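Remarks on the structure that follows.
The values are calculated or read from the model by the stated rules, or taken from the named source; none is laboratory data. Only a predicted model underlies this, so the values are computations on that prediction, with no experimental measurement involved. Note that each Cβ is placed from the backbone with ideal geometry, even for glycine, and that neighbours are counted across all protein chains shown. These area figures cover heavy atoms from the full protein model, side chains too; ligands, DNA and RNA do not enter into them. Shrake-Rupley method; radii C 1.70, N 1.55, O 1.52, S 1.80 Å.
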Amino acid sequence: MSKRRTERLLSIVVLLLSARRYLTAEEIRASVHGYPEQDESFKRMFERDKEELRELGIPLETGLTNPLDDETGYRISRQDYELPEIHLEADEAAVLGIAARVWERAALAGAAAGALLKLKAAGVENDNSKTPGIEPRLTTQEPAFGPLWEAVRDRRPVTFSYRAPGRAEPARRVLEPWGVVNRRGHWYVAGFDRDRKETRVFRLSRVEGPVKMAGRPGTVTVPEGTDVRELVRDWNRAPILSDEPATLRVRTGAGYNLRKYGKSIEPDGADWDIVTTTYPKADWYTDYLASFGADVVVLGPPELRQAVVKHLRGVLA
């Protein structure tokens, strides 16, 4: 949602909450900044704003101030709009405090801090004595996190460039995102890939360049019963194996797991071995090979070699 639209909707809410009677569309138009002068454009925009407010859960009422009025008016009942008094036990408030501090240095830090302030304003204090000595922290350093989180919230498709494991160049993807989750310190987005016409999972650190919205809000439908965490867990647990083997030059005494799962191992001089292994197209594999540094050299396939070289150059940069 744009900043202008957010400000306009907020102005409508404040206006209708403070009104003592139903206000007509023309009265709202005259009081709220941002509406166009053309009548047809105003009507379309006002209809969208009313729909948006109702989707946000704002109790927008319609009615007439008196029976002689010809035009429908609008108002927001303060009694229906305001939350009831909040009562939380000390341990419940402590859990909410931990949840907010989990996001302390993340993209949602502002929203989390704001939630704590609202609780405090409602008389709910966070008892620090109820919190454990060790607390988790989540960071969202990937630039893709913010727009993907917004796309999931607004049910909007997105497009972005993604460098898959073993691929030297990124490919354009069009995704209907269902959720963004963290697993083992990494962020992932799962959803429906329109081009490949199947469910896919993408690691946010492999998204290159900007994430752009590719459709209107509300145009993405999450299938009933979808568990995004389970999708990411299964994707991480079951890598897809390619038909082409990977050929690695491994220093003697290094790469125990590479040797363990290798199809063949042949000596290559005094200090090296040539290990032929199945090449898993999993998100972690390029990073895993790069983690060996100078002890492992990827000889093939070319896509995997280029991806590992690019990763190492990025680390150096």
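The number of residues in segment 231-248 that are open to solvent by 70 Å² or more (accessible area, probe 1.4 Å) and either more than 30 Å from VAL297 (Cβ to Cβ) or modelled with pLDDT of 85 or more (or both) comes to 1. Per the conditions (1) under 29 Å from MET213 (Cβ atoms); (2) open to solvent by 100 Å² or more (accessible area, probe 1.4 Å); (3) at pLDDT below 75, the sole criterion not satisfied by GLU89 is (1). Return the residues of segment 1-36 that are free of Cβ contacts under 8 Å to residues at least 60 places away in the same chain, under 23 Å from GLY218 (Cβ atoms), surrounded by fewer than 16 Cβ atoms within 10 Å (Cβ to Cβ) and of a type in the set (A, V, I, L, M); say none if nothing qualifies. Within segment 1-36, just LEU10 meets the criteria.
Any chance segment 156-163 includes a residue that's more than 27 Å from GLU52 (Cβ to Cβ), of a type in the set (Gly, Ala, Ser), without any contact (Cβ under 8 Å) to a residue 12 or more places away in the chain and open to solvent by 40 Å² or more (accessible area, probe 1.4 Å)? No, the conditions are met nowhere in segment 156-163. The residues of segment 37-64 that are open to solvent by less than 70 Å² (accessible area, probe 1.4 Å), farther than 18 Å from THR6 by Cβ and either at pLDDT below 85 or in a helix (DSSP H, G or I) (or both), listed by number, are SER41, PHE42, PRO59. Consider segment 183-203 and keep the residues that are open to solvent by less than 40 Å² (accessible area, probe 1.4 Å) and not basic (Lys, Arg). The one that is nearest to GLU142 (Cα to Cα) is TRP187. Just one of (1) open to solvent by less than 20 Å² (accessible area, probe 1.4 Å); (2) more than 20 Å from ALA290 (Cβ to Cβ); (3) under 15 Å from the mean Cα position of the chain (by Cα) fails for ARG206. It is (2). Taking each residue of segment 260-279 that is polar (S, T, N, Q) and looking for partners that are assigned to a loop (DSSP other than H, G, I, E, B) with beta-carbon atoms closer than 8 Å, six or more apart or interchain, yields THR277/TYR261; THR278/TYR261.
One line per residue, one yes/no per condition, for (1) surrounded by fewer than 14 Cβ atoms within 10 Å (Cβ to Cβ); (2) modelled with pLDDT under 85:
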residue	(1), (2)
ASP271	yes, no
THR276	no, no
ALA282	no, yes
LEU289	no, no
LEU299	no, no
PRO302	yes, no
ALA307	no, yes
HIS311	no, yes
GLY314	yes, yes
